[in-house]
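Here's the structure we're looking at; comments come further down.
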Amino acid sequence: MPALSSSDLVAPPPAPRPVEVTDLDAYRRLHAQSLADPEGFWRERIAPFRWTRPPDRILEGDGPGARWFVGGQLNVADNALDRWVDEGHGDRTALIWESEGVDHLRRPLETRQYSFRELRDAVARAAGALRDLGVRQGDRVTVYLPIVPELPIAMLACARLGAVHNVIFAGFPDQALLDRIEDSQSRVVVTADGGYRGGKAIALKSVVDAAARRTSLVEKVLVLRRTGEPVGWTPGRDHWWHEALERATPAAPVPVASDAPLFVMYTSGSTGKPKGITHGTSGYLVHTALTALHAFDLRPGDVNWCTADPAWITGHTYTVYGPLLSGAATVLFEGVLGFPDWDRAWDVVERHRPAVLYSTPTLVRAWLRQGDAGPRERDLSSLRLLASVGEPISPSVWHWFRDVVGGGRTPVVDTWWQTEAGAAMIFPLPYVTPAKPGSATLPFFGVDPAIADAEGRLLDGEAAGQLVIRRPWPGMLHGIWGSPERYRDTYWKSVPGAFVTGDAARRDADGYVWIVGRTDDVIKVNGHRLGTAEIEGAVVSHPAVSESAVVGVPDERSGEAVLVFVVLKPGFSADAELESGIVHAIEAMVGKLARPRELRFLKALPKNRSGKILRRMLREWAVTGKVTGDTTTLDDASALPPSTDGELVDHVQRGIE
Ligand code: WT7
């Protein structure tokens, strides 16, 4: 085995308890085996799960249609809950929830805890209620809930019936909700009167009503009472959660085939239309559970705190399914972690004593800006492992996280993956892989990353280019809901035989992977994925706007920030009212997550001769103030004539608070 060569290596801390993989050579042997002999590698590792029918074959096929654990049958909720109860762990804590609101002593106004038995019973009853509303195996259920225990309960209840959950972030506006209800063809929606976020009550039921008015699809709405605000009511369609659950008889888990869909998760891509990333049953379960073990060392009885909202993929996999499939307790925090201030996170750690804290660089930077006093003065000794996801973590932030939050004792597990991946793909084994701060390091078992050039040729050794995955992995998406062609064209076309991630990356001499950014028109704001085309669509919906181009620019707080270039129709000029109208259009159609940092008004957009907007040029101009690259492709009528050295003509620019 080649020795690691770099000087930026940080030795891993010793394992606090025995681990399966004890050194880097063992990791390399197992990784090689996982690729060469999937049957031998996975067969023994899937044995602990409760299969109603064990799979005949581990892996079948290749490329977009590959399927894992073929012929097998199980139920994910059964494995996450009933299995632990039946194995005698029913009294262990499964879920710890605290409200965002606090009293004058910073104590949460409400907390709720569920043991595995209590959570199993709540899920079985919720599943019974959904069944009473007509939900059957394979049906899609849209879940639009705040971060309360009923959110994971609704997800697990769907899984229990073999129904497909489609969880929508509770901050999305009615337009985004409607698009996702329609695309997934959901006849049932689970929501609440409202929720609490950032110290405010937000209405949710009225958003569902607004969406449901514009489609004939929604037949049943199950409504949780959370804020107690008055809600509109459509008799026959709307049902209170508490009443429906009281009436329901608990539902037993429905065994489903390995390749049956478990959930749809909408995410942004290069076009204006979000993609319904569809995940299956057994592959997702195996990848999720085994990464919970190998990336986060989660075992029965541990306490896990993943700060991600269950409405995002990180929350699906590591706030809900991963810990429960591991027999660990998961901490669920209701709102925004800056409430009442950024020390709230340390209150949560002291109160619930998680071993694992999994978060985003955006959040770590927010903590860091507050200084060291908060984390240093608090008892964070329960933390055994810190982890990060969503954007590159800079070395200085990595070190601060480990030294100040982790007291210098913990590994920092930088996990690279994406909605399509299902579970973590590239990360250091916490007690084995020497870290290089800023690099997600080496691939998990079964994951075969490679670097391809712009033409799709795979590159050897040290290389930079597009990050691709050369073969199917267990948690791999099963497709884009309702769009098999889009699935193949987006991911499986430009590099023969490989899955194209959309990320640009570098592989160093040690084989470590460094994520550089996206190769498509996706930007990451606060770790959330936004499609520039979706935002542009909202901007041009404004009656004064002729054209728009949206780019992401580096931002100290949010990683990237949204910058909107606007060309107005003749006769309109930029003023405060018009600007707020454009911002409003973005918030109403895409959501507040896409709120721009700045609008810039131009006479024209730079385009090439075939009319394609040169976003890269706009981005460079926005970041550096000039354009250095080749401008000869510019169309003559463009806004960036080469002769002006990249100075845009006739612009006003304004920051948005
Ligand atoms: C994109 C996926 C499931 C992860 C949460 C977001 C970026 C993710 C890292 C990392 C650098 C990262 C990539 C990826 N990303 N993890 N550790 N280092 N960049 O899931 O919304 O689907 O976004 O987030 O660009 O493609 P997502």
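General remarks:
- Meets criteria (touching a residue at least 40 places away in the same chain (Cβ under 8 Å), on the phi < 0 side of the Ramachandran plot and surrounded by 24 or more Cβ atoms within 10 Å (Cβ to Cβ)) for Val432: no
- For Gly390, the stated conditions hold: it is of a type outside the set (D, E, K, R), part of a loop (DSSP other than H, G, I, E, B) and within 30 Å of Gly280 (Cα to Cα).
A quick yes/no check of all residues on (1) surrounded by 19 or more Cβ atoms within 10 Å (Cβ to Cβ); (2) out of contact with any helix residue (DSSP H, G or I) (no Cβ under 8 Å at 6 or more places or on another chain); (3) of a type outside the set (D, E, K, R); (4) at pLDDT below 95:
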position: Glu182; (1), (2), (3), (4): no, yes, no, no
position: Leu217; (1), (2), (3), (4): no, no, yes, no
position: Gly232; (1), (2), (3), (4): no, no, yes, no
position: Glu243; (1), (2), (3), (4): no, yes, no, no
position: Arg247; (1), (2), (3), (4): no, no, no, no
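- Matching option when the condition is of a type in the set (A, V, I, L, M, F, W, C) and touching an Asp or Glu at 6+ places or on another chain (Cβ under 9 Å), among Leu24, Leu9: Leu9
- Check on Leu442, surrounded by fewer than 23 Cβ atoms within 10 Å (Cβ to Cβ) and within 23 Å of Pro392 (Cβ to Cβ): yes
- Whenever a residue of region 213-227 is more than 18 Å from Glu243 (Cβ to Cβ), its partners that are among the polar types (S, T, N, Q) and in a loop (DSSP other than H, G, I, E, B), lying with C-beta atoms within less than 9 angstrom and at least six residues away or across chains, give the pairs Leu217/Gln185; Leu217/Ser186; Val218/Ser186.
- Among the residues of region 384-401, those that are surrounded by 14 or more Cβ atoms within 10 Å (Cβ to Cβ) and over 23 Å from the mean Cα position of the chain (by Cα) comprise Arg384, His399, Trp400.
- Enumerated strands (runs of 3 or more DSSP E) restricted to region 434-522, each holding at least 2 residues that are modelled with pLDDT under 95: 513-518
- In region 21-47, the residue that is nearest to Gly497 (Cα to Cα) out of those that are exposed (fewer than 12 other Cβ atoms within 10 Å of the Cβ) and free of Cβ contacts under 8 Å to residues at least 24 places away in the same chain is Ala36.
- Among (1) within 16 Å of the ligand (Cβ to nearest atom); (2) of a type outside the set (S, T, N, Q); (3) in contact with a strand residue (DSSP E or B) (Cβ under 9 Å, 6 or more places away or on another chain), the one test that Arg384 misses: (1)
- Selection of region 373-387 for residues being part of a loop (DSSP other than H, G, I, E, B), out of contact with any Lys or Arg (no Cβ under 6 Å at 6 or more places or on another chain) and within 27 Å of Thr291 (Cβ to Cβ) yields Leu380, Ser381, Leu383, Arg384.
- Lone qualifier among Ser541, Ser494, Ser573 - being free of Cβ contacts under 8 Å to residues at least 24 places away in the same chain and either buried (at least 17 other Cβ atoms within 10 Å of the Cβ) or more than 11 Å from the ligand (Cβ to nearest atom) (or both): Ser573
- Sub-7 Å Cβ pairs linking a first residue in region 351-362 that is at positive phi to a second residue that is in a loop (DSSP other than H, G, I, E, B), at least 6 apart or interchain, are Arg353/Ser382, ordered by first then second residue.
- Of everything listed in (1) touching a helix residue (DSSP H, G or I) at 6+ places or on another chain (Cβ under 9 Å); (2) surrounded by 24 or more Cβ atoms within 10 Å (Cβ to Cβ), the single unmet condition for Pro146 is (1).
- Figure legend. Inter-residue proximity from region 600-624: first residues of a type in the set (Phe, Trp, Tyr), second residues at pLDDT below 90 and surrounded by fewer than 22 Cβ atoms within 10 Å (Cβ to Cβ), beta-carbon distance below 8 Å, spacing 6+ or different chains. Indicated pairs: Phe601/His651; Phe601/Val652; Phe601/Gln653; Trp621/Gly646.
- Selection of region 401-435 for residues being of a type in the set (Phe, Trp, Tyr) and within 11 Å of the ligand (Cβ to nearest atom) yields Trp416, Trp417, Phe427.
- Selection from region 262-272 of residues that are more than 13 Å from the ligand (Cβ to nearest atom) and either among the aliphatic types (A, V, I, L, M) or crowded, with 24+ Cβ neighbours inside 10 Å (or both): Leu262, Phe263, Val264
- Within region 399-416, being in contact with a strand residue (DSSP E or B) (Cβ under 7 Å, 6 or more places away or on another chain) and closer than 22 Å to Val516 by Cβ holds for Phe401, Val412, Val413, Asp414, Thr415, Trp416.
- As a summary of the residue check, Arg57 satisfies the conditions (1) assigned by TED's automatic domain parsing to the domain that holds Ala260; (2) of a type in the set (D, E, K, R); (3) without any contact (Cβ under 8 Å) to a residue 60 or more places away in the chain except for the one numbered (1).
- Cβ pairs under 8 Å, 6+ apart, first in region 393-418 and among the aliphatic types (A, V, I, L, M), second in a loop (DSSP other than H, G, I, E, B) and surrounded by fewer than 16 Cβ atoms within 10 Å (Cβ to Cβ): Val404/Asp372
The values are calculated or read from the model by the stated rules, or taken from the named source; none is laboratory data. None of the values given here were measured: they were computed from a predicted structure. Note that we place each Cβ from the backbone using ideal geometry, even for glycine, and neighbour counts take in every protein chain shown.
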